[in-house]
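The values are calculated or read from the model by the stated rules, or taken from the named source; none is laboratory data. Just so it is clear, the structure is predicted and the values come from calculations on it, not from any experiment. Cβ placement follows ideal geometry from the backbone for every residue including glycine, while neighbour counts extend to all protein chains displayed.
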Amino acid sequence: MAQAISLQLTEAGRRGLLELLRHCEPGSIVAVGWSEAKGECTVGAYNKEKIPPAEVVSISGISFVFDERESRDLDGRTLDYRDGEFCVL
């Protein structure tokens with residue numbers, strides 16, 4: 001089952017994700033990685049058919065998948081999109 005997560009999206013973050021998904025295969029879902037030590041965020045997409053439905057989380061109408069560590073590290077944070085890059089606040 002998907003980990004409960006309270007990741008928020010800024011409007012710019014949401015628009016950035018939707019733009020990313022427009023360039024992906026139909027049915028793709030977002031995956032966000034976060035390195036607290038490096039302060040780096042990575043955003044990618046997976047084919048939704050390869051992810052068990054119980055692991056998919058919807059945030060602001062966008063489907064996401066997180067592993068347990070990312071769920072914990074991103075919980076309570078905000079994903080933004082600035083100067084052409086995603087960032088976690």
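For the range 8-41, which residues satisfy the criterion of being touching a residue at least 60 places away in the same chain (Cβ under 8 Å) and of a type in the set (Val, Ile, Thr)?
Residue satisfying the conditions is THR10 alone.
Looking at LEU79, LEU20 in this structure, which one is touching a helix residue (DSSP H, G or I) at 6+ places or on another chain (Cβ under 7 Å), crowded, with 16+ Cβ neighbours inside 10 Å and modelled with pLDDT of 90 or more?
After ruling out the rest, the residue left standing is LEU79.
Do you know which residues across the range 7-46 are farther than 20 Å from ASP73 by Cα and touching a Phe, Trp or Tyr at 6+ places or on another chain (Cβ under 8 Å)?
ALA12, ARG15, GLY16, SER28
Determine which member of the set ASP73, ASP83 is charged (D, E, K, R) and in contact with a strand residue (DSSP E or B) (Cβ under 6 Å, 6 or more places away or on another chain).
After applying the criteria, what remains is ASP73.
For the range 68-88, give me each residue that is closer than 14 Å to LEU7 by Cα and without any contact (Cβ under 8 Å) to a residue 60 or more places away in the chain.
ARG69, GLU70, ASP73, CYS87, VAL88
For residues in the range 42-66 being touching a residue at least 40 places away in the same chain (Cβ under 8 Å), surrounded by 11 or more Cβ atoms within 10 Å (Cβ to Cβ) and more than 10 Å from the chain's Cα centre (by Cα), which is nearest to GLY13 (Cα to Cα)?
Going through the qualifying residues, I end up with SER60.
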